[in-house]
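Colleague: Starting off with a structure, shown below.
The values are calculated or read from the model by the stated rules, or taken from the named source; none is laboratory data. Because the structure is predicted, anything quoted here is derived from the model rather than measured. Positions of Cβ are backbone-derived with ideal geometry, glycine not excepted, and every protein chain shown enters the neighbour counts.
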Amino acid sequence: MAGTEPTGRAAAVRISRVAPAQLSAYKSLRDEALRLHPDAFDADIESEQARPPESYLGRLGLGETRGGSFLLGAWSGQDLIGMIGLERQTQAKLRHSAELNSMMVHPDHTGGGVGLMLIEAAIAEARQALGLEQIVLRVSTSSQSAIRLYERAGFQGCGVLPHALKLVDKTGQVRYFDKLTMVLIL
């Protein structure tokens, strides 16, 4: 990866595209991420749990001839321990832009450089896409460690959307989360 040599646990991690046969592992990690960090994702666990793994096939970018849409996985042996996605905009005026999403490292593997490896691999792959000029992401302002990670990878904040997420728990208690929009010009 650009500028960093994996050390410790990250040294044994392999980053590669998620294949159709690996979508069950992706869905399992995604469902865990939604359960553990409901404020970090726009999707909710209740809706997503019912989806079959093959419903995520479109996220693999297999039909994207210009590149810029994919899912990457971080693998330790046969175990998927992290993931990141990039989805290129489809409208003509927006095709120069892609959204970074679905970033997650399993709690047993955080702090070892896997997150940075995933982001750097996603950026490197995005740079190969024809006509792709920028990557945009949204991150909860309460997640300072994620914001610092994105900043280390070169992303810059460009605005905050207040009350971007509204979470209502089983007792009816409402919590709002602001989202910071960040951009990386390729």
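Colleague: Looking at (1) at pLDDT 95 or above; (2) farther than 21 Å from LEU71 by Cα; (3) over 17 Å from the mean Cα position of the chain (by Cα), which is the only condition GLY157 fails?
Modeller: (3)
Colleague: Another question about this same structure. Return yes when GLU64 is at pLDDT 95 or above and among the charged types (D, E, K, R) and no when it is not.
Modeller: Taking the combined requirement at face value, the residue does not satisfy it.
Colleague: Scan (1) assigned to a helix (DSSP H, G or I); (2) of a type outside the set (Ser, Thr, Tyr); (3) in contact (Cβ under 8 Å) with a residue 12 or more places away in the chain for the single condition ARG148 breaks and write down its number.
Modeller: (3)
Colleague: Go through segment 83-99 residue by residue and tally those that are free of Cβ contacts under 8 Å to residues at least 60 places away in the same chain and in contact with a strand residue (DSSP E or B) (Cβ under 8 Å, 6 or more places away or on another chain).
Modeller: Of the residues in that region, 11 qualify.
Colleague: Given the criterion more than 18 Å from HIS37 (Cβ to Cβ), touching a helix residue (DSSP H, G or I) at 6+ places or on another chain (Cβ under 6 Å) and either loosely packed, with under 12 Cβ neighbours inside 10 Å or in contact (Cβ under 8 Å) with a residue 40 or more places away in the chain (or both), identify the matching residue among LEU184, LEU132. Walk me through it before giving the result.
Modeller: Details: LEU184 fails: touching a helix residue (DSSP H, G or I) at 6+ places or on another chain (Cβ under 6 Å).
From the options LEU184, LEU132, the qualifying one is LEU132.
Colleague: Find all pairs meeting these conditions: Cβ atoms under 7 angstrom apart; at least six residues apart or on different chains; first residue within segment 16-28 and closer than 20 Å to ALA50 by Cβ; second residue aromatic (Phe, Trp, Tyr) and in a helix (DSSP H, G or I).
Modeller: Partner pairs satisfying both residue conditions: LEU23/TYR56; TYR26/TYR56; LYS27/TYR56.
Colleague: Is it fair to say ARG148 is more than 12 Å from GLY82 (Cβ to Cβ), loosely packed, with under 13 Cβ neighbours inside 10 Å and at pLDDT 95 or above?
Modeller: yes
Colleague: Further question: Go through (1) small (Gly, Ala, Ser); (2) farther than 16 Å from LEU186 by Cα; (3) surrounded by fewer than 20 Cβ atoms within 10 Å (Cβ to Cβ); (4) in contact with a strand residue (DSSP E or B) (Cβ under 6 Å, 6 or more places away or on another chain) and name the single condition GLY172 misses.
Modeller: Just one mismatch for GLY172, condition (4).
Colleague: On to the next question. Tally the residues that are more than 19 Å from LEU71 (Cβ to Cβ), within 16 Å of the chain's Cα centre (by Cα) and not in a loop (DSSP other than H, G, I, E, B), restricting the search to segment 108-143.
Modeller: The number of residues fulfilling the criteria is 2.
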